[in-house]
Amino acid sequence: QAFLRADLDVDPLDLEDVPAHRFPELTPFRFQEHLDFILTGDAFDEARRLALCMIDADRARTFGSTTLLRGYLLQLIGLVCTQYAGALDKLAQRGAQRAGRRDALARVLRHVRANLTREDLTLAATAEAAFLSPNYLAHLIRKETGSTFTDLVTERRIPP
């Protein structure tokens, strides 16, 4: 994200808080779990051309190469946004990313409940069971509950 938008001071795990219309180049990343971005025909040819330009710019690594790489990448993202504009707009309108976050948290809580008595109930194992990275899971729990994973498990293990 910093490579694309150095001016955006938001944790990459909090992109759902960034309005899609304000930073459209980040939108495909926000909804990557909901869409398979498949390019065909002329769009595929253009994506391939841009990828080859990025490879050439990366190999050269001269003054301005980073700017060229950023420009080519933005063109590629723009191509994807154009091809999937309708689907991306629908996902943004219905808050799909927030729903995905709720679904992920539900998977986590189910796993914790099912394995509460196990000594080896860990953040890493829970993340794997919920199809998340441990880093994202820790962030998600903190954001949604204000607690750490350990606090969450401890609260459930100690009866009221």
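The values are calculated or read from the model by the stated rules, or taken from the named source; none is laboratory data. Worth saying up front: this structure is predicted, and the values here are computed from it rather than measured. Ideal geometry is used to build each Cβ from the backbone, glycine not excepted, and the neighbour counts take in all protein chains shown.
In this entry, residue 49 passes the filter for residues that are over 27 Å from residue 22 (Cα atoms), assigned by TED's automatic domain parsing to the domain that holds residue 31, surrounded by 12 or more Cβ atoms within 10 Å (Cβ to Cβ) and not hydrophobic (A, V, I, L, M, F, W, C). Scanning the stretch 103-134 for residues that are closer than 25 Å to residue 16 by Cα, loosely packed, with under 13 Cβ neighbours inside 10 Å and either of a type in the set (Phe, Trp, Tyr) or touching a residue at least 24 places away in the same chain (Cβ under 8 Å) (or both) turns up just one, 131. Figure legend. Inter-residue proximity from the stretch 81-92: first residues in contact (Cβ under 8 Å) with a residue 40 or more places away in the chain, second residues part of a helix (DSSP H, G or I) and of a type in the set (A, V, I, L, M), beta-carbon distance below 8 Å, spacing 6+ or different chains. Indicated pairs: 81/88; 83/43.
Among 106, 124, which is assigned to a helix (DSSP H, G or I), over 17 Å from the mean Cα position of the chain (by Cα), over 17 Å from residue 144 (Cβ atoms) and outside the structural domain of residue 24 (by TED's automatic domain parsing)?
On the way: 106 fails: over 17 Å from residue 144 (Cβ atoms).
The match here is 124.
Going by the structure shown, is residue 117 in a loop (DSSP other than H, G, I, E, B), among the β-branched types (Val, Ile, Thr) and not assigned by TED's automatic domain parsing to the domain that holds residue 21? So residue 117 fits the description; yes.
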